[in-house]
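Notes to accompany the following structure.
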Amino acid sequence: MKSKNLGNRNWIFTISHLMVGMIFFFSCQKQVQQESLSPETVLEEETADGIFPYLRLSTYGFFEGDIKNLKPVADLIFYQPASSLFTDNAFKSRFVYIPEGEKAQLEGDDLSLPLGSVLVKKLLLPSGFPQSPG
């Protein structure tokens, strides 16, 4: 009789976990639908309020002047990796943003960036570069 009771408890345990999982799944689906952005929301003015992530890269303010020139602001630090991967003949520039008053730490071969740091990679295709179809 004892083993039959144990089997029933396992069955009830399994069903209750399945129900909790289904509730979690459907509540997450609802949250995702509520957070979906309409085109009107995407086009609204966005303020750099410190609540990340922003909707637009331009809100971060990493580049100044005409966006077509992609001139980095003074807060971005240019860096070059020891080795670079081939990227279909694109020109690459890499930068790191470290929040004011913070410092990166180098321990042996490990680099630790402080919270709020951002790595930026700018890719430019040479003029006349064939565009992919579609």
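So the values come out like this:
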{"read-out": "Simple Cβ-charge dipole of the range 72-126, Lys/Arg +1 and Asp/Glu -1, about Cα centre, in debye nearest 20", "value": "300"}
{"read-out": "Amide H partners (placed H, <5 Å) of Phe63, local residues excluded", "value": "Val73"}
{"read-out": "Straight-distance crosslink candidates among aspartates and glutamates, where the alpha carbon sits under 16 Å from Lys71 and sequence neighbours closer than 8 are dropped", "value": "none"}
{"read-out": "Residue-by-residue Karplus 3J(HN,Hα) for the range 61-74, coefficients 6.51, -1.76, 1.60, Hz, glycine and proline x", "value": "x, 6, 10, 10, x, 4, 4, 5, 8, 6, 7, x, 6, 5"}
{"read-out": "Computed label-point distance, nm, for sites Ser84 and Glu102 using a 7 Å Cα→Cβ extension", "value": "2.6"}
{"read-out": "Shape of the range 65-112, Cα gyration tensor, a/c cut at 1.5", "value": "oblate"}
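Where a number appears in this text, it was derived from the coordinates with a stated rule and is not lab data. These numbers were taken from a predicted model, which means no experiment stands behind them. Because the Cβ atoms are built from the backbone with ideal geometry, glycine has one as well, and the counts that use them run over all protein chains shown.
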